[in-house]
Amino acid sequence: MVRGGFRMQRTNTSRLSAAQIHTVVTLGFCGLVSAADNWFVSPALPAIAQTLAVAPTAAMVILTAYMLPYGALQPVCGAIGDAVGRLRLLRVIVLGLCAGTLLCAVAPSLAVLVLARVVTGCFAAGIISVSQAFVGDAVGPECRAGAVGILMGITFTGQGLSAGLGGILTDLVGWRAAFAAFGALAFAAWLGLSTLREPALAPGAAAFGQAESPEAAEVPSSAPGSAAPGVPDAPSSAASAAPASSQPLQPVAPAANPVVAFFRNALDIFFGPRRAVFVLALATGILFLGTYGFMGTFLSEVCGLSSTAAGLLMMFYGVFCLVGGSLSGALGARRGLPGVIAIGEVSGIAAAVLLAVAAATSSWLPALGAAACLGLGYILVQPTLVTLSMEADPERVGLCTGLIGFGVFAGGGVGSMLGGTVLAAGGYLGLWLVVAALLLVQLIVSKRVL
């Protein structure tokens with residue numbers, strides 16, 4: 001069934017084999033480490049500033065140093081994975097994440113720490129987008145949405161847990177030891193990749209790619225004597241007779257000018273027939289990640305929580321990311337992918353309303369529910385958009401998922417900027433009400449275009 005140009009795809013994670021589950025969990029752990037490595041730094045900033053003898057406001061540059069390459073390079077890493085092989089690239093970038101994080105642990109000055117965070121962000125950029133494409137290759141279209149949901153649930157559990165554990169770990173052992181610990185986790189993730197193999201096309205995956213290419217479907221099967229006059233019949237071979245599901249993935253052949261080809265392909269995909277998916281990813285980053293970015297200071301300034309208490313409350317975001325990722329497959333099987341996105345957007349609206357109640361009452365209890373709803377909503381929307389994006393160009397799935405990552409994280413940066421303007425004008429109550437209204441608009445639009 002097709003609606004708005006998109007398949008009303010049903011999903012079923014119960015069909016995942018043990019090997020596929022192992023793949024999802026292994027890559028999910030890689031994503032968890034990369035997300036935790038990013039988000040634990042925020043509660044550690046005061047300690048970092050004190051050790052390096054700089055102002056806390058000056059130390060905030062290390063957040064930007066990581067996030068800029070992390071967001072900008074996701075499509076690039078996705079395209080490289082399409083060309084050279086996803087597992088090969090993952091082994092390089094996870095090891096680079098390990099090295100960059102360990103370099104952060106021994107940085108003697110703010111300048112060196114900023115450089116180390118830039119290096120770490122460059123390597124970490126591709127982990128999520130390439131892992132999403134890898135999982136999509138491994139499980140096939142029917143299980144893709146549920147498997148990607150589990151992958152992202154595990155990944156963003158790291159984001160939520162690190163907000164609380166980062167401050168606690170920094171208080172107990174110091175920020176340098178915390179960086180060293182995350183470096184060790186990255187090394188463990190790299191070792192885990194040695195248990196994986198580049199996947200063959202899962203059953204149904206070839207049909208998924210061919211469904212977007214009607215011309216390919218119209219080509220008749222060759223038979224002796226069917227060639228044009230003067231053209232000899234193609235020789236038969238066991239390889240050509242083998243089913244598509246047994247064929248290993250072949251890297252996309254590089255163009256003569258790869259830089260020009262990359263930008264041309266990226267623009268064709270982003271503004272192509274599936275452009276609604278990528279625009280919704282940008283909106284999701286603005287509203288969901290933008291909201292998440294303001295919650296820590298809101299809990300401290302309005303609800304009166306300490307940094308540790310606020311971090312522990314924010315851990316509910318990570319817990320419900322994991323819950324939502326586990327539920328997304330079953331929800332997709334019952335309601336289709338657009339239905340999963342709608343449920344996530346409703347959950348986001350509930351989070352914004354609860355935050356407005358918390359702002360009006362100065363109570364942290366509604367914010368507890370808001371953190372849970374925000375995590376649940378985000379993990380239902382973002383991975384489902386990733387799954388839909390894979391239909392944009394089945395031959396460049398890594399680039400498609402990378403563009404989703406770019407849209408989400410670029411949107412998060414835009415959301416922080418716009419949110420600050422709204423906050424200055426209307427306070428936290430005004431900010432949360434604006435977020436709720438815009439999420440309602442996104443819900444209405446997504447139901448029309450998906």
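The values are calculated or read from the model by the stated rules, or taken from the named source; none is laboratory data. Note that the coordinates shown come from a computational prediction; the quantities given were computed from them, not determined experimentally. Note: ideal-geometry Cβ built from the backbone for every residue, glycine included; neighbour counts use all protein chains shown.
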Count - residues of region 388-413 that are under 14 Å from the mean Cα position of the chain (by Cα) and either within 18 Å of Gln442 (Cβ to Cβ) or among the acidic types (Asp, Glu) (or both): 9
Single residue of Ala372, Ala356, Ala392 found to be in contact with a Lys or Arg (Cβ under 6 Å, 6 or more places away or on another chain) and in the same structural domain as Thr284 (by TED's automatic domain parsing): Ala392
First in region 423-441 and under 16 Å from Cys373 (Cβ atoms), second anywhere and among the β-branched types (Val, Ile, Thr) and modelled with pLDDT of 95 or more, Cβ under 8 Å, 6 or more apart: Trp432/Val353; Ala436/Ile349; Ala436/Val353; Leu439/Ile349; Leu440/Ile349
Every residue from region 374-409 that is among the hydrophobic types (A, V, I, L, M, F, W, C) and either surrounded by fewer than 24 Cβ atoms within 10 Å (Cβ to Cβ) or on the phi > 0 side of the Ramachandran plot (or both): Ala392, Phe409
Given (1) over 21 Å from Gly407 (Cα atoms); (2) of a type outside the set (Gly, Ala, Ser); (3) in contact with an Asp or Glu (Cβ under 8 Å, 6 or more places away or on another chain), index of the condition Leu312 fails: (3)
The listed residue being under 26 Å from Phe40 (Cα atoms) and outside the structural domain of Thr157 (by TED's automatic domain parsing), out of Leu365, Leu331, Leu337: Leu365
Close pairs from region 265-286: first more than 26 Å from Val422 (Cα to Cα), partner among the hydroxyl-bearing types (Ser, Thr, Tyr) and buried (at least 20 other Cβ atoms within 10 Å of the Cβ), Cβ under 6 Å, at least 6 apart: Val277/Ser389
Options Val130, Val118; residue that is outside the structural domain of Phe406 (by TED's automatic domain parsing) and over 16 Å from the mean Cα position of the chain (by Cα): Val118
Qualifying helices (runs of 4 or more DSSP H) (wholly inside region 259-369; at least 2 residues being basic (Lys, Arg) and under 25 Å from Ala147 (Cβ atoms)): 307-361
Hits in region 404-422 (condition: of a type in the set (A, V, I, L, M, F, W, C) and without any contact (Cβ under 8 Å) to a residue 24 or more places away in the chain): Met417, Val422
So Gly398, is it modelled with pLDDT under 95 and either outside the structural domain of Arg335 (by TED's automatic domain parsing) or not in a loop (DSSP other than H, G, I, E, B) (or both): yes
Hits in region 47-66 (condition: among the hydrophobic types (A, V, I, L, M, F, W, C) and either surrounded by fewer than 19 Cβ atoms within 10 Å (Cβ to Cβ) or more than 28 Å from the chain's Cα centre (by Cα) (or both)): Ala47, Ala49, Leu52, Ala53, Val54, Ala55, Ala58, Met60, Val61, Leu63
Residue list for region 168-222, filter: exposed (fewer than 12 other Cβ atoms within 10 Å of the Cβ) and at pLDDT below 50: Pro214, Glu215, Ala216, Ala217, Glu218, Val219, Pro220, Ser221
